[in-house]
4 protein chains.
Amino acid sequence: MSNVQTEKTYEKVVPEIQMWALEYQGPGKKDYVKKKKPIILAQTDAVVKMVKTTICGTDLHILKGDVPTVTPGRILGHEGIGIIESIGESVNKFKVGDRVLISCITSDGICDYCKRGMFSHCENGGWVLGNKIDGTQAEFVRIPYADTSLYSIPEGANEDAMVMLSDILPTGFECGVLNGKISPGDVVAIVGAGPIGLAALLTAQFFAPSEVIMIDVDDERLKRSKEFGATLTINSKNSSIKDIIMKITDSRGVDVAIEAVGIPQTFEVCQDIISPGGRIANIGVHGKSVELHLEKLWDKNITITTRLVDTTTTSMLLKTVKSGKLKPEKLITHHFQLSDVIKAYDTFGNAQKEKALKVIISNEVLS
Amino acid sequence: MSNVQTEKTYEKVVPEIQMWALEYQGPGKKDYVKKKKPIILAQTDAVVKMVKTTICGTDLHILKGDVPTVTPGRILGHEGIGIIESIGESVNKFKVGDRVLISCITSDGICDYCKRGMFSHCENGGWVLGNKIDGTQAEFVRIPYADTSLYSIPEGANEDAMVMLSDILPTGFECGVLNGKISPGDVVAIVGAGPIGLAALLTAQFFAPSEVIMIDVDDERLKRSKEFGATLTINSKNSSIKDIIMKITDSRGVDVAIEAVGIPQTFEVCQDIISPGGRIANIGVHGKSVELHLEKLWDKNITITTRLVDTTTTSMLLKTVKSGKLKPEKLITHHFQLSDVIKAYDTFGNAQKEKALKVIISNEVLS
Amino acid sequence: MSNVQTEKTYEKVVPEIQMWALEYQGPGKKDYVKKKKPIILAQTDAVVKMVKTTICGTDLHILKGDVPTVTPGRILGHEGIGIIESIGESVNKFKVGDRVLISCITSDGICDYCKRGMFSHCENGGWVLGNKIDGTQAEFVRIPYADTSLYSIPEGANEDAMVMLSDILPTGFECGVLNGKISPGDVVAIVGAGPIGLAALLTAQFFAPSEVIMIDVDDERLKRSKEFGATLTINSKNSSIKDIIMKITDSRGVDVAIEAVGIPQTFEVCQDIISPGGRIANIGVHGKSVELHLEKLWDKNITITTRLVDTTTTSMLLKTVKSGKLKPEKLITHHFQLSDVIKAYDTFGNAQKEKALKVIISNEVLS
Amino acid sequence: MSNVQTEKTYEKVVPEIQMWALEYQGPGKKDYVKKKKPIILAQTDAVVKMVKTTICGTDLHILKGDVPTVTPGRILGHEGIGIIESIGESVNKFKVGDRVLISCITSDGICDYCKRGMFSHCENGGWVLGNKIDGTQAEFVRIPYADTSLYSIPEGANEDAMVMLSDILPTGFECGVLNGKISPGDVVAIVGAGPIGLAALLTAQFFAPSEVIMIDVDDERLKRSKEFGATLTINSKNSSIKDIIMKITDSRGVDVAIEAVGIPQTFEVCQDIISPGGRIANIGVHGKSVELHLEKLWDKNITITTRLVDTTTTSMLLKTVKSGKLKPEKLITHHFQLSDVIKAYDTFGNAQKEKALKVIISNEVLS
C-alpha cells in the first residue's frame, strides 16, 4: 500500500537519464558517481531538483556501517532545499517550479501515527530519505507524499538558513526544547555542544529560560555556545559538572537536562544534575543501553523523554526564521559545491580540527 | 525554620502522658508499647486522636531496615483518619472535634516545591510521618502544618474508604494514572496487582481506557483484578507477556505501562511492551538501578516518569468517593483493633497466604 | 486546487446513472427524487454506497432556509455508514468493498488547519457534505479526500451505533466535554437535553465527574437523561436553575457549563451558574449575538469556548464503542427505510411529540 | 476564621502610633494624612515598612467611586516593596529586616482556590490591600498571610523593577500572555498600549511570537510600544484595524488578541480580528456587558478568557528579571517622594498629557 517503492520497480519502467550523486558503497566506502535520475512513481510524489543540501552526523554513522537499513548503492542525504521539477497528479499544495524545503521525515498524513502528529513513525514514511530510498545529496531526489513532506520556502528567505530546517533545528527543538518543556525562568543544561546541541540552544531561547548551561569537552565549541546565547559553559574535562551546577542552583539541580551526544556517560551526567520535578530530554542516538538510577530517581518526580524528530514544528520554525527570531545560518561554517561533496565529507568528518559545524553543499548548476 | 521538630525538644517540655503505639525497634524488631502522648509543638500543628489506620508496604520495608531515615524508637504509620484533639493557634481550617483524613505527605504550603504542587518535596515536610517523626499507628499523632496536611471528612463518608485516601489511592492515581496520561480509548498495562497496582486499576477507570491489562504472578490477585475492572489478566509465570500484548495490539504495544512492583524485571517488562509514543509511569520503590534500553527506545517517542505521591489530588478523590464513582473500600480485606496491631502486621506481611490486600486497624476506644 | 468540485463539472463528464435521494428544493421544500449517481472526480475521492444515514438538527435549519450556503437541488445529509463502491487511484487506506464510517467533516489532511488538527476549517473541506456538495441521504455519495475523511468500521460493530459517530458523538465530546475540560470530581451542567446534549452527557462520563446536571424544559428528555447517567435534572420551566445549582455547590456554581441549545437565554444560564475558574463550552448553533456579562465575569477566571466539530476524536470514540465504554445506540429512537425518508423527517421534526432523539434511515437495497 | 481583620479590632487594642498615608475620603476625595500605624493582628501577619510603592489604574477607579468595597478612610495602594518590621510567630519564610516584594493578591495558601492556584479567589484574601484593608501608599502596611503573600527580593535587584512585579507584570503576563497561550511564531495583537498592555507586550516576548501588533489611539504610546518590541503599531483613529490585520495575515486574523482597555469597543475589535482557532484574552476591567457575536463565532473554534491576576508567576518573573530577560523598569516614567503622593496622582491621572506610564513613590525616610 506504501508508495515508498524500491528502485527495482523504477529500473524496469524508465529509460535511463543520468545525474550525479553521493553513493554509499558499503561500510567505509562512498563515491561521487553517476546514478539514474528519479521519476514520479506515485501520484503523490514530487521530483525535486536540489539547490542546497548538507551532511548530518547520521550520514557518518551510515558510512561506518552502523545503520543496517541502508544498503550499498543508496544515495545518502535527508536534508535540503530545491525546486519542483515534476509532480504527481494528486499533489495539491505544490506545482512545478515551486521552491521547497525537504523535510527529513516523510509522512503520508493519513496513518494513525500521522494523525497523532507522530510523523516520525508514519507507517509509510518516517525517516526513509537517504536510508530506505535515495536521498538528497544528488542533483535530483524523489519525495513521496509531497503534500505532507515538503514546505514552501517564503519569498526572500535565506536559503542557507532553510537547509537547517530540514532536520537539525526541528530535532533540537522538538526532542530537546519541547520535550524538555522549557519554561520562562528555567535553568537548562545541554550536554553536548555539537550542531544538535547548538540547535537546542538556539531554540531554547524561544522560552526565556534564565540560564542555559552548555557542557562539552571542546573549548572551541563552548566558545561558540557563548556567542549563541549560553549563559554559562562547562568543559567537563577540567571541572566537576555536578559541583558547579549544584553550586549555582542552591543544590537543587537543573530544571531541564538535554542529552545531545548519545553515550552512557552523558546520560549519566543528566541524571546527576537533574532537580526534583525536572525533565531529561534525550536527543542523542544511542548504540548501547544505559544505567537508569531508579534507586535514586524513583521519588524525584522526574520525566525522561525520547523522540525521533516528527518535524511537526517546521511551519512554526519557518515563521520564526522569517520574523528574525531565529537565525539558523549561524550554524553554517563551510560551503562546498556538489562536485566537491567528498571534500565536504572530509571537513565535516573532522569537525573538531576543521572547526566545522554544518556545511552547505550547493548544486552548482542551479544556485 | 521547620516545625517538624524532634522528640528531644518535646521530652523536655511536657509532663509525660502515656498512650499505646507500634514502635520500630531496629531491623526486624517492633513492639506494641506505651509511648508519650504527643502535644502541640508549633502554632501550625494539630494533635489527632486516631480512629482508624492501616499498614503500608513501606512499613514492611522499614522493618527490614531498608529505610535509613527511620531510627529505633519511631512510631510507624503514615495513613489514617481521626478526630482533632488539640490545635495550634495559627490553624485556620480546622477546630477541635473535626473528623479529619491524614495525608501521608506533610506540606507547609509555602515553600517553592509546595507552590509548584510538589508537596512530596516540601522543604519542611514531605514524607515525614512514621519516618522522621512519629506516625499514626498509635492512639494519637501530631500533624505539623495541619491546614495543608489534613482534609475534612465529608458527613456520612465510609470511614474505611477514607483511610485508603491517605496514601494508596493518591499514589496509584498520581504516580500511575496521571503521570501515565491515561486517555479514553487507551490500552493500559499495570505490572503488579498488589494494593498499589489495584489502586491504579481503580482510578485508571476515571479516564475510560479501552483495555486495562493486569500482570502478576499470583492468580488470586489476578482474579481480584478482574472483579475490580481489568479487561484482561496475564500470569507472567505461565505466559509470554510480550507475545500476548503484541497480539492484542496489532504489534504496537500498550499506550501506557504502569510499573507497580519496584524491581528491574518488571521495569524491563514495561520497556518490552510500550508502543511508540507510549508512557511508562513508575510507581514502584526501587532499591537498585535498572537497565534502560535507549539503544531501542531513543527513537520511540516515549516518556518515563517517576514520582513520590504529592497528594495534590486528595480533594478530588474525596469528591469521587462521595459521588460513588470510586469505592476504595474494595481494597480492604481484614480488620483489626489497635491492640492487635502485631497480628495485623503478621497478616499483611503474609499477604499472598492470607489473601490480604489492605487491613484496617481501629482504635477501639473511639470507633 | 480543491477537489470539492461543483456538480457543474460533473454534469458535463458523466453519462447519467440514476439513484434516489432527498433533495432540498428551497426554504420549506424537500422531496425524495431521482438524482444523478455520483462518480469519482479526483484521485483522492471515494464513492460510497450508503447503508445507513440519519437526520441532524442542522438539516432542519437548512430546510427553514437558515443556511445560505445550501442551494436548491442539493442532496442533504452529512452522516452515515456505507460500502466503498469505487475509489480514486491515490487513496491508500481503503479499497472497494470496505465498510466505512463517513465523517461529517471532510479534511484534505494537508492544509495548515488540518495539520493543526482543526479539520473543521480545512481549506478544501470542512463541513461540505449536504451543504456545498451532495450529501448522504441518498443511495450513493461521493466523499472527497477519502483517506482523511472516512474510517474503517471494526468487524462486528453495531452499525446503528456507528452512525452516531459521524457527527453527534464527536460534536458532544469535542465541543462540549473536551473544550469544557471535564475532570474527575467536577460538577457539570448541560443546558439542553436534546440529542447533542445527551451525546455530551454520554461522553462526559469518560472523565468521572461527580455530578452531571441536565437542564431542559421537556420532562421526557430529562427522564431519559437520568437513564443516560445524569445525577440531577432540572426542568427550567418549574424551577430557578441558579438557586438549585448554588444550593448544591455551596454557592460556587458549576465547574463546567455546556450550552447545547443555541439561543441567548441558554447562554445566559451558563453565565449565571459558572463558578470562578469554570469553563463554558458552547455547542449550540447561534443565529443571534448574546450578551456577555464581562462586568461580572472579567475577574472570575473563566474560559468560554466555541467549536465546530473537528472529528479528530473519531478513532478514539471508535475504540470506546468497541470496548463497550460507550453505547451511542441509546440515542436512537426510530428506524426508517430510505424510501420513507420524508416520514423520517416528519418524526424527527416533531421530536417532542414523537419522543424522538435520533432516527436511523436504512438503504433497503443493502442492509 | 479569616485574619483579614477590620481596623475596628485594631483600634481597641493598640496605643496610637502615627504614620503618614494616602487616604481615600469618598468619591473624588483623597488626602495625605496621619493615620494609625498598623500592628500584627494574627500570627501569620507581617508589618512592612514601605520603601517604594506606585499607583495603579484601579486606584483612579476607586477615587471615582467605582469600587464599592472601598470605604472612606481606607489607605490606598496594593503594590510595592519594603522591609519587614515585625512579624507573627507562625511566619516561617521571613524574619524582621528582610527586604520583600508585596503581592497585590493576598493568599492564605490553604483554601480550595489557593490549592488550585487561584489565589485571586482566596477565601480569606484575594485583592484586599487598599480595598478591604489598608494598603501600601503609606509608611507602613500590615500584610496578612505573609508567608504566601510576600516574596524575598534577590540581592542587588533593581528595586524600581521589583515594584512592577507586585501587580502590573503578573497581570499582563497571566491574564494576557498565559491565558492567550502565546506560542513561538504566533501573530499577537494587543488592544491598548497603556501600562498593562505594555506589560503584556514585554512578557509576550518570552514566547517568541513572530508579530506583536499594538493598537491604541495615542501615537506617543505607540511610539513607546515600538521601543518595547512591537513589530507593528496601529493608531485606530486613523486606520481600519481589521483591514490592516487581515492584509498582513492573509485574511486569517491574529492567533491571539489581548484586550487591555476594558470597554465594549475594544472587545469588539478583538472579535473582529481573531482567527479561527484563536484566543481572546481579556485583561481589561469592564463596567458594562459586551456583545458577543456567537452568530459569527460559534463555529470558529475560539477561546475567550477572563482573569483576575493570581500572582502565581511572581517567583518565575523574579527569575527572569534577575537573569536580565525582563526589564520592567522600562515602564517607569516618573519618581516622587511619599510626601508628594498627591502630585504623583496628578501626574498619573493625566497620563497622556504627562506622557506617564508608571510612577515610583519612595518613602524618603528609608530609601
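What dipole magnitude, in Debye to the nearest 20, does segment D:170-305 give about its Cα centre under +1 on Lys/Arg Cβ and -1 on Asp/Glu Cβ?
Charge dipole of segment D:170-305: 80 debye, to the nearest 20.
For the protein assembly as shown, restrict the atom set to alpha-carbon positions and state the Rg and Dmax in Å.
Both quantities, over Cα of the protein assembly as shown: 33.3, 104 Å.
Could you sort the peptides C:72-85, B:53-66 by per-residue average Cβ neighbour count (10 Å cutoff), highest mean leading?
Numbers: C:72-85: 22.8, B:53-66: 19.7.
So the order, starting with the most tightly packed, is C:72-85, B:53-66.
Under 11 Å from the Cβ of A:E89, count the other residues' Cβ atoms, weight Lys and Arg +1, Asp and Glu -1, and hand me the total.
Local charge sum for A:E89: -2.
So who's got an amide H within less than 5 Å of the one on C:G77, skipping anything under 5 residues away but keeping other chains? H placed 1.01 Å off N, in plane.
C:T136, C:Q137
Go from 0 up to the bin containing the longest alpha carbon distance in segment C:118-224, width 5 Å each, and give me the % of pairs per bin.
Histogram of Cα-Cα distances, whole percents per bin: 2, 10, 16, 18, 18, 15, 12, 7, 2, 0.
Out of every Cα pair in segment C:24-63, what percent are spaced more than 17 Å from each other?
In whole percent, the share of Cα-Cα pairs in segment C:24-63 beyond 17 Å is 54.
List the residues of segment D:155-196 that lose 20 Å² or more of accessible area once all protein chains are present, compared with their chain alone (1.4 Å probe, heavy atoms only, no ligands or nucleic acids).
D:P184, D:G185
Taking the Cα centre of each part, how many Å lie between segment B:198-256 and segment A:315-367?
If you average the Cα positions of each part, the centres end up 50 Å apart.
Report, as an integer, the average count of C-beta atoms from other chains found within 10 Å of each Cβ along A:88-95. Could the numbers behind the result be given before it?
On the way: counts 3, 6, 8, 3, 12, 6, 2, 1.
Rounded to a whole number, the mean comes out at 5.
Considering the dipole of segment B:88-244 built from charges on the beta carbon (Lys and Arg +1, Asp and Glu -1) around the Cα centre, which of B:C122, B:I153, B:S239 is farthest to its positive end?
It is B:S239.
Whose amide H sits under 5 Å from the amide H of A:I280, counting only residues 5 or more places off or on another chain, with H placed in the peptide plane?
Residues meeting the criterion, in which the H sits 1.01 Å from N, are A:A257, A:T303, A:I304, A:T305.
List the distances, in nm to one decimal, from the label point of B:K34 to the label points of the same position in every other copy, shortest first, placing each label point 7 Å from Cα along the Cα-to-Cβ direction.
List, nearest first: 6.4, 10.5, 10.5 nm.
Between segment C:23-51 and segment C:119-153, what is the C-alpha centre distance in whole Å?
Cα centres, segment C:23-51 to segment C:119-153: 11 Å.
What is the calculated FRET efficiency for D:I39 to B:E123, with r their C-beta to C-beta distance and R₀ = 25 Å, to the nearest 0.05?
About 0.25, to the nearest 0.05.
Find out how many positive minus negative residues lie around B:G126, taking Lys and Arg as positive, Asp and Glu as negative, among other residues whose Cβ is under 11 Å from that of B:G126. Could the numbers behind the result be given before it?
Numbers: positive: B:K132; negative: A:D299, B:D108, B:E123, B:D310.
Here the charged neighbours net out to -3.
Given Cα positions, please report Rg to Rh for chain C, the hydrodynamic radius being the Kirkwood one.
0.98
Which positions within segment A:313-334 get 40 Å² or more of their accessible surface covered by the other protein chains, compared to the chain by itself, with a 1.4 angstrom probe?
A:K319, A:K325
Counting only other chains, what is the mean number of Cβ atoms within 10 angstrom of the Cβ of each residue in peptide D:259-267?
Partner-chain Cβ atoms within 10 Å, mean over residues of D:259-267: 1.
C:N158 to C:D112: FRET efficiency via 1/(1 + (r/R0)^6), r the Cβ-Cβ distance, R0 45 Å, to the nearest 0.05? Numbers along the way, then the final one.
Values: r = 37 Å, r/R0 = 0.81.
Efficiency at R0 = 45 Å is approximately 0.80.
Given points 7 Å out from each Cα along the Cα-Cβ axis, report the A:I17 to A:K223 separation in nanometres with one decimal.
4.8 nm
Let's see if you can work this out: charge +1 on each Lys and Arg Cβ, -1 on each Asp and Glu Cβ, no other charges. What is the dipole magnitude of the protein assembly as shown about its Cα centre, in debye to the nearest 20? Before the final figure, lay out the partial values.
Details: 168 positive and 180 negative charges, 0 e Å.
Dipole of the protein assembly as shown, to the nearest 20 debye: 0 debye.
With a 1.4 Å probe and every protein chain kept in, tell me what percent of the accessible surface of the protein assembly as shown is carbon plus sulfur.
C and S fraction of accessible area: 50 percent.
How large is Rg over Rh for segment A:58-162, taking Rg from the Cα atoms and Rh as the Kirkwood inverse mean of 1/r across Cα pairs?
Over the Cα atoms of segment A:58-162, Rg/Rh equals 0.97.
Could you list the GluC sites (Glu not before Pro) in segment C:100-160 that lie in coil according to DSSP, counting only those with at most 15 other Cβ atoms within 10 Å of their Cβ? Could the numbers behind the result be given before it?
Working: sites: C:E123, C:E139, C:E155, C:E159; in loops: C:E123, C:E139, C:E155.
Sparse-neighbourhood loop GluC sites (Glu not before Pro): C:E155.
Among chain B residues, which Cβ is nearest the axis of the B-onto-C rotation, and at how many Å?
Residue of B nearest the axis onto C, distance in Å: B:F207, 3.
What accessible area per residue comes out for the protein assembly as shown, rounded to a whole number of Å², with a 1.4 Å probe?
Roughly 36 Å² per residue, with all protein chains present.
With only alpha-carbon atoms counted, please give the Rg and Dmax of segment D:180-220, in Å.
That works out to 10.0, 28 Å for Rg and Dmax.
Near A:A161, within a Cβ-to-Cβ distance under 15 Å, what is the net charge of the other residues, with Lys and Arg +1 and Asp and Glu -1?
+2
With the cut-off at 1.5 for a/c, could you classify segment D:284-367 from its C-alpha gyration tensor as rounded, prolate or oblate?
oblate
Excluding ligands, DNA and RNA, what is the accessible area buried between chains A and B, summed over both sides, using a 1.4 Å probe, to the nearest 100 Å²?
Summed over both sides, the interface buries about 3300 Å².
Positive end of the charge dipole of chain A (Lys, Arg +1 and Asp, Glu -1 on Cβ, about the Cα centre): tell me which of A:V341, A:A208, A:P184 has its Cα farthest that way.
In chain A, that residue is A:V341.
Hey, got the Cα dimensions of segment C:225-367 along the principal axes, in Å, largest first?
59, 34, 30
If you wrap segment C:43-86's Cα atoms in a convex hull and average its projection over all directions, what's the area in nm²?
In nm², the orientation-averaged hull projection of segment C:43-86 is 4.0.
Only loop residues by DSSP count here, and only those with at most 15 other Cβ atoms within 10 Å; note down the trypsin sites (Lys or Arg not before Pro) in segment A:93-141 that meet that.
Sites meeting the loop and neighbour criteria: A:K95.
Out of all Cα-Cα pairs in segment A:170-305, roughly what percent, to the nearest whole number, are more than 22 Å apart?
Considering segment A:170-305, 26 percent of its Cα-Cα pairs are separated by more than 22 Å.
For the modelled label position 7 Å from the Cα of A:E364 along Cα-to-Cβ, which residues of segment A:29-56 have backbone nitrogen atoms closer than 16 Å?
What the label zone holds, given the 16 Å backbone N cut-off, is A:32-34, A:51-53.
Evaluate the charge dipole of segment C:1-157 about its Cα centre and quote only its size in Debye, nearest 20, assuming +1 on the Cβ of each Lys and Arg and -1 on the Cβ of each Asp and Glu.
In debye, rounded to 20, segment C:1-157 gives about 240.
The values are calculated or read from the model by the stated rules, or taken from the named source; none is laboratory data. As the structure is a computational prediction, the values presented were derived from the model and not from experiment. Cβ: placed from backbone, ideal geometry, glycine included. Neighbour counts: every protein chain shown. What goes into the accessible areas is simple: the full protein's heavy atoms, side chains included, and nothing from ligands, DNA or RNA. Shrake-Rupley method; radii C 1.70, N 1.55, O 1.52, S 1.80 Å.
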